[in-house]
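The values are calculated or read from the model by the stated rules, or taken from the named source; none is laboratory data. Keep in mind that this is a model prediction, so the values were computed, not measured. With ideal geometry, Cβ positions are generated from the backbone for all residues, glycine too; neighbour counts draw on all protein chains shown.
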Amino acid sequence: MLALTGCTGKIGGAVFDALLTNQLIPPSQLVVCTSSSTEDARWDAFKSQGGIVRHSNYDDPESMVKAFSGCTKLFLVSTPRVSMDFFDAPPGQGRERHHTDAIRAAQKAGVKHIYYTSLAFGPESVAGVMRAHLRTEAFLKDLKDIKFTVIREGLYNESWPLYFGYYDLKKDDRDEVVTAGDGPISWTSIADLGLASALVVVDPSEKYVGKTFYLSNSRTKTLKDIAAIVSKVKGREIRLKTVSLEEHCEYYITKMGRDKGAVEWWCTSYAALERNECWIKDSPFNELLSSRGRQPKPVEETIEEMLKG
């Protein structure tokens, strides 16, 4: 039995869809763990095929023990509550607190193998967004009584507006987008990541046990490249302006009115880009997709769809 978390979110939902669409595992062997209502109509089709839906909440460790009960594998998606990381949360108080609670619940429930979704930044990343991931990875690696696999999921094609200065798809009229850095990014679509991750989880061999590895497209685009793509789609020139971290924070907090904690937490991602942390050169991603006759979706295609949608 495989327990899945985050099925109403991006990567969790993509993995769930890939498992069912590609018939990689019988629905009767899947347990959807959700903090929303287990009676929601969205689960009706899944239940009708023998699928199981259980209540699970990061704030209630005992609910996770019950949800994971009887499962040998757990696909653990990181908590979406990023505000836990703001203002340099000390060890044990950031998002890793939710993750370690879930891991302990899995141990208590008798889970044998945990697949954790980390993020495709460098192994010793300077990005604040990676802090909780790195702490969670370290926690997993210290455990002796459970198998683990850390999947560093590629930066989503669909997340380009966030990296591109919180770009507003509907009403952004800026001719110049301010960021605190730039660098090559191995953009990877959510649907493609869902399939590749699903194939890893159902692999019957031991080749992923105890491993930390990346799932990312091999092609890269910088934010300057993104500016050129957006310019082409919108029919007018949009430039990228790179400034210091301090200027970046001042601009988005004071001039754009964005949340201070969120901006300060996020802006260090640009320092990581400057270090080429998101240029992923070694990944089984393309091979996994090819095994199902699929080619990675280019970020250019995603950008055009999002801007025209």
- Can you tell me which residue in region 71-97 is surrounded by the fewest Cβ atoms within 10 Å (Cβ to Cβ), limited to those that are touching a strand residue (DSSP E or B) at 6+ places or on another chain (Cβ under 8 Å) and over 17 Å from Thr136 (Cβ atoms)? Thr72
- Here are Val178, Val201, Val129: which of them is under 14 Å from the mean Cα position of the chain (by Cα) and β-branched (Val, Ile, Thr)? Val129
- Message: Please count how many residues of region 59-96 are within 19 Å of the chain's Cα centre (by Cα), more than 18 Å from Val15 (Cβ to Cβ) and either part of a helix (DSSP H, G or I) or β-branched (Val, Ile, Thr) (or both).
- Response: 5
- Only residues that are closer than 15 Å to Leu307 by Cβ and either among the hydrophobic types (A, V, I, L, M, F, W, C) or touching a strand residue (DSSP E or B) at 6+ places or on another chain (Cβ under 7 Å) (or both): list them for region 144-161, please. Asn157, Trp160
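Matching residues to (1) surrounded by 13 or more Cβ atoms within 10 Å (Cβ to Cβ); (2) farther than 17 Å from Lys221 by Cα; (3) not charged (D, E, K, R):
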{"residue": "Cys267", "(1), (2), (3)": "yes, yes, yes"}
{"residue": "Ala271", "(1), (2), (3)": "yes, no, yes"}
{"residue": "Cys278", "(1), (2), (3)": "yes, no, yes"}
{"residue": "Lys281", "(1), (2), (3)": "no, no, no"}
{"residue": "Glu287", "(1), (2), (3)": "no, yes, no"}
{"residue": "Ser290", "(1), (2), (3)": "no, yes, yes"}
{"residue": "Val299", "(1), (2), (3)": "yes, no, yes"}
- From Gly235, Gly183, which residue is over 21 Å from Leu155 (Cβ atoms) and surrounded by fewer than 20 Cβ atoms within 10 Å (Cβ to Cβ)? Gly235
- Kindly list the number of the only condition in (1) in contact (Cβ under 8 Å) with a residue 12 or more places away in the chain; (2) of a type outside the set (Asp, Glu); (3) part of a loop (DSSP other than H, G, I, E, B) that fails for His99. (3)
- Task: With respect to Asp282, determine if the residue is charged (D, E, K, R) and at pLDDT below 95.
- Result: yes
- Query: Has region 212-235 got any residue that is more than 21 Å from the chain's Cα centre (by Cα) and outside any helix (DSSP H, G or I)?
  - Reply: yes
- Message: For His248, only one of the following conditions fails: (1) part of a helix (DSSP H, G or I); (2) out of contact with any Cys (no Cβ under 8 Å at 6 or more places or on another chain). What is its number?
- Response: (2)
- Task: Using the structure shown, decide if Thr117 is in contact (Cβ under 8 Å) with a residue 12 or more places away in the chain and under 30 Å from Glu264 (Cβ atoms).
- Result: yes
- Task: Could you list, in sequence order, all residues of region 270-309 that are out of contact with any Gly (no Cβ under 9 Å at 6 or more places or on another chain), closer than 29 Å to Lys207 by Cα and either charged (D, E, K, R) or not in a helix (DSSP H, G or I) (or both)?
- Result: Lys281, Asp282, Pro284, Glu287, Ser291, Arg292, Gly293, Arg294, Gln295, Pro296, Lys297, Pro298
- Query: Given the residues Asn57, Asn22, which is the only one that is of a type outside the set (Lys, Arg) and under 23 Å from Arg104 (Cβ atoms)?
  - Reply: Asn57
- Check Val77, Val53 and return the single one that is in contact with a Gly (Cβ under 8 Å, 6 or more places away or on another chain) and more than 24 Å from Ala180 (Cα to Cα). Val77
- Message: Taking the criterion of being more than 21 Å from the chain's Cα centre (by Cα), more than 23 Å from Val202 (Cβ to Cβ) and modelled with pLDDT of 95 or more, would at least one residue in region 16-36 satisfy it?
- Response: no
